[in-house]
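The values are calculated or read from the model by the stated rules, or taken from the named source; none is laboratory data. Computed from a predicted structure; not experimentally measured. Note that each Cβ is placed from the backbone with ideal geometry, even for glycine, and that neighbours are counted across all protein chains shown. SASA here: full protein model, heavy atoms, side chains in, ligands and nucleic acids out. Shrake-Rupley method; radii C 1.70, N 1.55, O 1.52, S 1.80 Å.
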Amino acid sequence: AQSVTQLGSHVSVSEGALVLLRCNYSSSVPPYLFWYVQYPNQGLQLLLKYTSAATLVKGINGFEAEFKKSETSFHLTKPSAHMSDAAEYFCAVSGITGFQKLVFGTGTRLLVSP
Amino acid sequence: DVKVTQSSRYLVKRTGEKVFLECVQDMDHENMFWYRQDPGLGLRLIYFSYDVKMKEKGDIPEGYSVSREKKERFSLILESASTNQTSMYLCASRDSRLTLNEKLFFGSGTQLSVL
């Protein structure tokens, strides 16, 4: 069984500051890991995806995430926040073999102040 | 451009009513999913479908059923709506022909209020 834990339901940063959103996973099999973003009044869209090819994954809009097996973590970072990054971010996990459901975390709302 | 369309953005229904939420995708995807999204709980899987006429229960199927008669359409049915089913409902689809566990494409959601 898989699960993810997102630490912090809200994270506030100033424009230009580092963004760090935390995600820890639990999986009995090697995982695929995902970050999705949801802008206001929209559905979710994929930011990036880890599939074991490389531990540092680069996504859209300048975001990246690093898979750390020893820490069972997949934290999302961006060096410099922009106002347009304000959204809700979801970490998700699935197994890598066969048909897999995607299990989502509870989400972290990112607030960006001028 | 890929598209997952949910028929209603906002819906208000009364307790005990039968409610249909419709979802259509234009990408010829085999897999389709229904999630509900609640503050502090994230997304929880209600039902999913591998392919036409196939359906499987997700993590919270109680009080819901689904129908997939055509590949492009996946309907969520609330047999007798209750106030605890007030929520945002998100439909998603996935192409399983390329690789397993490809990304999900989401609709923009239906905010259902049951009074």
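Relative contact order, percent, of chain A when contacts are C-alpha pairs under 8 Å separated by at least 6 residues? Write down the numbers at each step before the final one.
On the way: 285 pairs, mean separation 43.4, N = 114.
Value for chain A: 38 percent.
Compute the projected area of the convex hull of the Cα atoms of chain A, averaged over all viewing directions, and report it in nm² to one decimal place.
Spelled out: convex hull of the Cα atoms, projected over all directions, averaged, 6.9 nm².
A:LEU18 versus A:THR51, label points 7 Å from Cα toward the beta carbon: distance in nm?
3.0 nm
Over the protein assembly as shown, what percent of the accessible surface lies on carbon and sulfur atoms, probe 1.4 Å?
Its accessible area is 52 percent carbon and sulfur atoms.
Quick one: Cα centre-to-centre distance for segment B:23-50 and segment A:23-68, in angstrom?
18 Å
Summed for both chains, how many Å² of accessible area, to the nearest 100, are buried between A and B with a 1.4 Å probe? Kindly include the intermediate steps, with their values, before the conclusion.
Working: alone 6130 and 6460 Å², together 10780 Å².
That pair hides around 1800 Å² of surface in total.
Skip the ligands, DNA and RNA, and give the accessible area per residue of chain B with a 1.4 Å probe, whole Å².
Accessible surface, normalised per residue, equals 48 Å².
At a Cα cut-off below 12 Å, give the aspartates and glutamates reachable from B:LYS3, other chains included and same-chain residues fewer than 8 away excluded.
Partners within reach: B:ASP26, B:ASP28, B:GLU72.
Kindly report the accessible area of chain A per residue (heavy atoms of protein chains, probe 1.4 Å, no ligands, DNA or RNA), in Å².
Per residue, chain A has an accessible area of 46 Å².
Which of the lysines could be linked to A:LYS58 by a straight reach, that is with a Cα gap under 19 Å, when you skip same-chain ones fewer than 8 residues away?
A:LYS49, A:LYS68, A:LYS69, A:LYS78, B:LYS103
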